[in-house]
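Below is one structure, written out as structure tokens; comments come after it.
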């Protein structure tokens with residue numbers, strides 16, 4: 001057992017899914033901790049990328065994959081997509097054994113689905129992992145629970161220990177388990193930089209089997225970073241590249257973006273579909289985000305010092321950090337995160353909606369100077385939502401980089417990201 005393992009919020013979901021299904025697939029970006037989490041729950045392990053056995057494992061998977069499934073359960077099949085034949089073998093074994101908790105599969109690439117691959121519905125549950133949230137890396141105090149806000153909690157308060165300077169550092173460091181808790185800047189920033197190089201030089205080409213130019217990949221990542229937390233369509237990205245003397249065709253941009261999504265580098269934030277009292281048109285364009293904001297800082301070479309001298313960029317990256325954490329916390333309570341923008345120009349940075357229909361609205365403002373504007377936006381949204389067709393908001397929140405968590409007289413919560421948890 002890994003004695004240095006930092007518990008993950010998703011650990012609870014993994015245990016639950018193993019009790020409910022025959023197999024669980026954990027998907028997410030490389031280096032986010034999928035294997036470590038799975039190892040904590042597994043009783044036996046098959047490492048498909050082990051250099052000593054990978055060739056033999058692939059050959060066995062192509063001839064008699066059932067041999068690779070033998071072992072104490074739950075059996076972990078790490079990076080299963082190296083041998084796609086394992087998917088149907090797992091599905092068949094689950095049907096044959098008729099027992100839950102048989103297999104855990106991990107994957108950092110969504111494989112091209114072959115014609116004869118079963119969907120796995122009913123047999124294989126899916127869960128997504130991301131890099132660590134601030135609560136998981138022990139930077140957030142966790143005094144304000146998202147679940148408690150949904151349950152109507154009022155006696156909540158907290159004090160963040162994260163300064164603005166530390167926020168800039170944490171955005172650059174990211175939530176990579178290898179540097180969780182690391183305070184040395186030179187060490188902390190190496191993982192995101194190495195990740196970027198691996199994506200550009202190897203991983204993106206493996207996603208679809210099409211060789212790609214690393215310099216062009218990096219140019220696209222820089223453009224996406226310059227447009228992070230914005231609704232940037234392909235045409236916007238293309239124009240941005242041209243303006244920076246890094247022109248790519250629309251076909252190339254679309255191909256690269258699709259590949260980046262398959263390896264979980266890009267995770268755009270979808271628009272929320274609300275039922276409104278008026279006929280105001282709701283925008284449907286997703287916002288650009290990476291699975292971790294440190295990917296953007298690595299692409300832009302934006303050190304903590306540089307962020308502190310460019311608060312506009314800092315603000316967009318802070319929003320992306322908050323979206324990462326909100327997604328992690330929301331999914332642990334069976335929820336999803338969206339953004340809202342309508343034709344009138346009203347924009348809400350995040351809508352957290354649970355499977356039972358409850359929802360909360362979140363404006364993300366790093367400093368105190370924009371909080372009053374955030375109040376106006378949140379209250380306006382509350383007024384235009386048709387509560388005859390959907391629930392009243394469970395809470396309205398301004399998520400900040402400030403120090404104190406409290407509920408204002410108007411009912412809106414001010415919550416520092418350094419106080420939040422699931």
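The values are calculated or read from the model by the stated rules, or taken from the named source; none is laboratory data. Remember, it's a predicted structure, so these values are computed and weren't measured experimentally. We place every Cβ from the backbone using ideal geometry, glycine too, and count neighbours over all the protein chains shown.
Of all the residues that make up the range 324-345, how many are out of contact with any strand residue (DSSP E or B) (no Cβ under 9 Å at 6 or more places or on another chain), under 20 Å from residue 377 (Cβ atoms) and part of a helix (DSSP H, G or I)?
0
With the requirement that a residue be at pLDDT 95 or above and either loosely packed, with under 14 Cβ neighbours inside 10 Å or not assigned by TED's automatic domain parsing to the domain that holds residue 390 (or both), what does the range 334-354 give you?
The one that is at pLDDT 95 or above and either loosely packed, with under 14 Cβ neighbours inside 10 Å or not assigned by TED's automatic domain parsing to the domain that holds residue 390 (or both): 334.
Filter the range 302-313 for residues that are touching a helix residue (DSSP H, G or I) at 6+ places or on another chain (Cβ under 9 Å) and surrounded by fewer than 23 Cβ atoms within 10 Å (Cβ to Cβ) and give the result.
Here is the first cut: in the range 302-313, the residues touching a helix residue (DSSP H, G or I) at 6+ places or on another chain (Cβ under 9 Å) are 302-308, 313.
Result: 302, 303, 304, 305, 306, 308, 313.
A quick yes/no check of all residues on (1) free of Cβ contacts under 8 Å to residues at least 60 places away in the same chain; (2) surrounded by fewer than 18 Cβ atoms within 10 Å (Cβ to Cβ); (3) outside any loop (DSSP other than H, G, I, E, B):
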| position | (1), (2), (3) |
| --- | --- |
| 56 | yes, yes, yes |
| 68 | yes, no, yes |
| 88 | yes, yes, yes |
| 101 | no, no, no |
| 109 | no, no, no |
| 137 | no, no, no |
| 140 | no, no, no |
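Only one of (1) over 30 Å from residue 172 (Cβ atoms); (2) assigned to a loop (DSSP other than H, G, I, E, B); (3) in contact (Cβ under 8 Å) with a residue 40 or more places away in the chain fails for residue 73. Which number is that?
Result: residue 73 fails condition (3) only.
Taking residue 327, is it more than 19 Å from residue 133 (Cβ to Cβ) and buried (at least 18 other Cβ atoms within 10 Å of the Cβ)? Show your work before the answer.
Values: more than 19 Å from residue 133 (Cβ to Cβ): no; buried (at least 18 other Cβ atoms within 10 Å of the Cβ): yes.
Against the criterion (more than 19 Å from residue 133 (Cβ to Cβ) and buried (at least 18 other Cβ atoms within 10 Å of the Cβ)), residue 327 does not qualify.
Is the range 280-289 home to any residue that is at pLDDT 95 or above, assigned to a loop (DSSP other than H, G, I, E, B) and crowded, with 21+ Cβ neighbours inside 10 Å?
Within the range 280-289, one or more residues are at pLDDT 95 or above, assigned to a loop (DSSP other than H, G, I, E, B) and crowded, with 21+ Cβ neighbours inside 10 Å.
Does residue 61 count as within 20 Å of residue 13 (Cα to Cα), touching a residue at least 12 places away in the same chain (Cβ under 8 Å) and not assigned by TED's automatic domain parsing to the domain that holds residue 263?
In short, no.
Among the residues of the range 163-172, is any under 17 Å from the mean Cα position of the chain (by Cα), crowded, with 17+ Cβ neighbours inside 10 Å and at positive phi?
Looking for residues that are under 17 Å from the mean Cα position of the chain (by Cα), crowded, with 17+ Cβ neighbours inside 10 Å and at positive phi, one finds none in the range 163-172, hence no.
Taking the range 164-198 on its own, how many of its residues are in a helix (DSSP H, G or I) and either in contact with a helix residue (DSSP H, G or I) (Cβ under 7 Å, 6 or more places away or on another chain) or closer than 23 Å to residue 8 by Cβ (or both)? Walk me through how you get there before you give the answer.
At the first step, the residues of the range 164-198 found to be in a helix (DSSP H, G or I) are 164-173, 177-179, 185-188, 190-198.
Next, only the ones that are either in contact with a helix residue (DSSP H, G or I) (Cβ under 7 Å, 6 or more places away or on another chain) or closer than 23 Å to residue 8 by Cβ (or both) stay: 165-173, 177-179, 185, 187-188, 190-196, 198.
The total comes to 23.
Just the residues that are free of Cβ contacts under 8 Å to residues at least 24 places away in the same chain and surrounded by fewer than 15 Cβ atoms within 10 Å (Cβ to Cβ), please, taken from the range 364-382.
Taking the range 364-382 as the starting set, the residues that turn out to be free of Cβ contacts under 8 Å to residues at least 24 places away in the same chain are 369-370, 372-373, 376, 382.
Residues satisfying the conditions are 369, 372, 373, 376.
Any chance the range 307-323 includes a residue that's in contact with a strand residue (DSSP E or B) (Cβ under 8 Å, 6 or more places away or on another chain), over 18 Å from residue 128 (Cβ atoms), touching a residue at least 12 places away in the same chain (Cβ under 8 Å) and assigned to a loop (DSSP other than H, G, I, E, B)?
Among the residues of the range 307-323, not one is in contact with a strand residue (DSSP E or B) (Cβ under 8 Å, 6 or more places away or on another chain), over 18 Å from residue 128 (Cβ atoms), touching a residue at least 12 places away in the same chain (Cβ under 8 Å) and assigned to a loop (DSSP other than H, G, I, E, B), which makes the answer no.
Any residue at all in the range 388-396 that's at pLDDT 95 or above, crowded, with 22+ Cβ neighbours inside 10 Å and under 18 Å from residue 318 (Cβ atoms)?
No - not one qualifying residue is present in the range 388-396.
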